[in-house]
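Visitor: Take a look at the following structure, please.
The values are calculated or read from the model by the stated rules, or taken from the named source; none is laboratory data. Treat the numbers as computed from the prediction; the structure is a model and nothing was measured. Cβ: placed from backbone, ideal geometry, glycine included. Neighbour counts: every protein chain shown.
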Amino acid sequence: MIMFAIMPLWHWKGGQNPSGIRGRTTPQEFRQRTERFIQEYQVGTEKGIPVVQPPPGADLYLEASMWSWRPVLKLKKGASYTLHLSSFDINHGFSLYPMNLNFQVVPGYDYGLKVMPNRSGDLRIICNEFCGVGHHIMTGKILVEE
């Protein structure tokens, strides 16, 4: 019971469960927002996946679907963004490697999270929720530049 009572303290002070912006959406609506985001900020492609470079402070849209994450995000170190995550088809897991950041990505929900990259480099997004036969190839990328 003591541990149960301490859980809110871990949430607010311990940084265990980052608070985010949650909202309902439809997979089609989130895909439309993702497509507008890609059209506005696309700077290239990588293996057929659009690469986007939004300005600091922008809302980022990252869509999970069997068996890919899109788009590839190109961000500035030290800049603040709001990352919106949703799935087009089934539940997926968002795990950012090499950081210890994990979220459940569920169709019908938009989960927004304030992010500020604090180191440059190539971060990988890995699906950590089994999503079918192509699960092992479901990786995405966030490129953080100085």
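Visitor: Being more than 20 Å from Y109 (Cα to Cα), surrounded by 15 or more Cβ atoms within 10 Å (Cβ to Cβ) and within 13 Å of the chain's Cα centre (by Cα), is that true of even one residue in the range 42-59?
Guide: Checking the range 42-59: not a single residue is more than 20 Å from Y109 (Cα to Cα), surrounded by 15 or more Cβ atoms within 10 Å (Cβ to Cβ) and within 13 Å of the chain's Cα centre (by Cα).
Visitor: Same structure again: Step by step: first the residues of the range 62-83, then only those that are farther than 17 Å from T45 by Cβ and within 9 Å of the chain's Cα centre (by Cα), then the one that is surrounded by the most Cβ atoms within 10 Å (Cβ to Cβ). Which residue is that?
Guide: Of everything passing the filter in the range 62-83, A64 is surrounded by the most Cβ atoms within 10 Å (Cβ to Cβ).
Visitor: Here is a further query. Hey, any hits in the range 3-15 for a residue that's in a strand (DSSP E or B) and either modelled with pLDDT under 90 or β-branched (V, I, T) (or both)?
Guide: Looking through the range 3-15, none of the residues is in a strand (DSSP E or B) and either modelled with pLDDT under 90 or β-branched (V, I, T) (or both).
Visitor: Another question, if that's okay. All but one of (1) surrounded by fewer than 18 Cβ atoms within 10 Å (Cβ to Cβ); (2) under 10 Å from the mean Cα position of the chain (by Cα) hold for M99; which doesn't?
Guide: (2)
Visitor: Shifting gears a bit: Would you tally the residues in the range 113-127 being surrounded by 16 or more Cβ atoms within 10 Å (Cβ to Cβ) and at pLDDT below 90?
Guide: 2
Visitor: Against the conditions (1) closer than 17 Å to I49 by Cβ; (2) surrounded by fewer than 14 Cβ atoms within 10 Å (Cβ to Cβ); (3) modelled with pLDDT of 90 or more, where does G108 fall short? Just the number, please.
Guide: (1)
Visitor: Of everything in the range 101-136, what is part of a strand (DSSP E or B) and on the phi > 0 side of the Ramachandran plot? Give them in sequence order.
Guide: First pass over the range 101-136, keeping only residues part of a strand (DSSP E or B): 101-105, 107, 109-115, 121-126.
Once the filter is applied, which keeps residues that are part of a strand (DSSP E or B) and on the phi > 0 side of the Ramachandran plot, the range 101-136 yields only G121.
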